[in-house]
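Asker: Handing you this structure, nothing more for now.
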Amino acid sequence: MTKTPLADRIRPKTLDEFVGQKHLVGRGGIIKKLIKSDQLPSMIFWGPPGSGKTTLAQVIANTTKSHFSSNSAVSTTLADVRKIVQEAKERLEAYHQKTIFFLDEIHRFNKAQQDAFLPHVEKGTIILIGATTENPSFEVIGPLLSRSRVFVLNQLNPEELKEIVDRGLKELKAKIEPDAFDFVIQASNGDARVSLNAIEIASSLIKTNQKITVQLIKDVFQKQSLLYDRMGDEHYNTISAFIKSMRASDPDAALYYLARMVEAGEDPLFIARRMVIFASEDIGMAQPTAMVVANEVFRACDAIGYPECAINLAHGVVYLAKAPKDRSAYNGLRSAQKDVKEHGNLPIPLEILNAPTKLMEELGYGKGYEPYPENKSLLPKKLKGKKYYHGK
């Protein structure tokens, strides 16, 4: 019996077989147009897990008859990059074949590593396709971002997941109860890989001609969840302890939990990103410069990387832990969001609406507007006088 994962066995090879992302590869989709015009740029695929980033990159390579090289940023070194680029250059010169270099988790590459791509992307030696679940505006350096097209991949909807699961069941020659099928779709949360792993495990646990039951599928998902929790407990417990130590103004505890994360190889940008959030959420108006410090720590980590950026993290952690705390801006936002969810889009007072046309002016848009009113609420009528911000 083949040991190749189900997801790889049914991976589509053409755009017509590809499921989802119609805005990119459907009729009139931009990627389809770029392939047809033979004007394929370097690209960044930004989307949630299981949305088809790797598969789409492989399909593009197949469609354009390009050589496909796939690596993960977690395990790829600068030496690996240089080797891949050199081979791509030789391939282009000898056979006129393009090379698509797919780099998964590109956000884990630091600035120096990303810089290494620039000259080769500019010359067209390689077509880089980077994949990330993180916002590329924060994770990909500006020069590389400006030389690439960013494409957003959406979470797969239930109908798209059903099509993929159907293909998987046919490949497995397995049958499934309707309730179990529906449970797979619901529990997968738009992640094709999760759904395919679930039915593959379930099919291996039943006898020939037996159907996959809803109880079996629930057991499979529970086991997967427990496995993830065991692997993830230390990660989430430590970052939680780290944040709470800074919140309690305890720099010693904060440094200890920082050290644990650094020694475990935690992504420094993950830590720094949480510090940027903390600076606004917990320090806020008590010391607005905390946001500046946290952002500079993030930039330093992005530019330097391990091991030296651990020093920048420590500097920022002590500063944030010792800073005074004030959650009034954060609490005000959450309170306002609660009203938005409860009341929806309440009518904005006419006096603060622009009146670019005569008709709008006649309807009262902008009437009575004062640029610097004193003690006057400009909230929608239903919320007049409500207070969200209770700071000084």
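The values are calculated or read from the model by the stated rules, or taken from the named source; none is laboratory data. Just so you know, these numbers come straight off a predicted model, no measurement behind them. Here Cβ is always computed from backbone atoms with ideal geometry, including for glycine, and neighbour counts include all displayed protein chains.
Asker: Within region 68-91, is even one residue farther than 30 Å from ALA303 by Cα and assigned to a helix (DSSP H, G or I)?
Answerer: Of the residues in region 68-91, the ones farther than 30 Å from ALA303 by Cα are 90-91.
Cutting the leftovers down to assigned to a helix (DSSP H, G or I) gives us 90-91.
Yes, some residue in region 68-91 is farther than 30 Å from ALA303 by Cα and assigned to a helix (DSSP H, G or I).
Asker: So, one more: Would you mention how many residues in region 12-33 are of a type outside the set (Phe, Trp, Tyr) and surrounded by 18 or more Cβ atoms within 10 Å (Cβ to Cβ)?
Answerer: Of the residues in region 12-33, 7 are of a type outside the set (Phe, Trp, Tyr) and surrounded by 18 or more Cβ atoms within 10 Å (Cβ to Cβ).
Asker: Report, by residue number, each residue of region 144-194 that is part of a helix (DSSP H, G or I) and among the small types (Gly, Ala, Ser).
Answerer: To start, the set of residues in region 144-194 that are part of a helix (DSSP H, G or I) comprises 144-146, 158-172, 178-187, 192-194.
SER146, GLY168, ALA180, ALA187, ALA192 - these are the residues of region 144-194 that are part of a helix (DSSP H, G or I) and among the small types (Gly, Ala, Ser).
Asker: Among TYR236, TYR257, which is hydroxyl-bearing (Ser, Thr, Tyr) and at pLDDT 85 or above?
Answerer: TYR257
Asker: Kindly indicate whether any position in region 73-94 is among the β-branched types (Val, Ile, Thr), surrounded by fewer than 17 Cβ atoms within 10 Å (Cβ to Cβ) and under 27 Å from GLY190 (Cβ atoms).
Answerer: Checking region 73-94: at least one residue is among the β-branched types (Val, Ile, Thr), surrounded by fewer than 17 Cβ atoms within 10 Å (Cβ to Cβ) and under 27 Å from GLY190 (Cβ atoms).
Asker: From the list ALA94, ALA73, exactly one residue is free of Cβ contacts under 8 Å to residues at least 60 places away in the same chain and in contact with an Asp or Glu (Cβ under 8 Å, 6 or more places away or on another chain). Which is it?
Answerer: Being free of Cβ contacts under 8 Å to residues at least 60 places away in the same chain and in contact with an Asp or Glu (Cβ under 8 Å, 6 or more places away or on another chain) holds for just one of ALA94, ALA73, which is ALA73.
Asker: Quick check on my filter: what residues within region 18-35 are part of a loop (DSSP other than H, G, I, E, B) and either outside the structural domain of ILE60 (by TED's automatic domain parsing) or in contact (Cβ under 8 Å) with a residue 40 or more places away in the chain (or both)?
Answerer: Those that are part of a loop (DSSP other than H, G, I, E, B) and either outside the structural domain of ILE60 (by TED's automatic domain parsing) or in contact (Cβ under 8 Å) with a residue 40 or more places away in the chain (or both): PHE18, VAL19, GLY20, GLN21.
Asker: Show me the helices (runs of 4 or more DSSP H) found entirely inside region 230-340 where at least 1 residues are charged (D, E, K, R), free of Cβ contacts under 8 Å to residues at least 12 places away in the same chain and under 25 Å from GLU134 (Cα atoms).
Answerer: Once the helices (runs of 4 or more DSSP H) in region 230-340 are filtered for at least 1 residues that are charged (D, E, K, R), free of Cβ contacts under 8 Å to residues at least 12 places away in the same chain and under 25 Å from GLU134 (Cα atoms), what remains is 251-263, 289-304.
Asker: Any residue in region 55-68 that is farther than 28 Å from GLY124 by Cβ and among the hydroxyl-bearing types (Ser, Thr, Tyr)?
Answerer: No, because not a single residue in region 55-68 is farther than 28 Å from GLY124 by Cβ and among the hydroxyl-bearing types (Ser, Thr, Tyr).
Asker: While we're here: Which one is nearest to the chain's Cα centre (by Cα) among residues in region 323-367 that are among the acidic types (Asp, Glu) and at pLDDT below 80?
Answerer: GLU361
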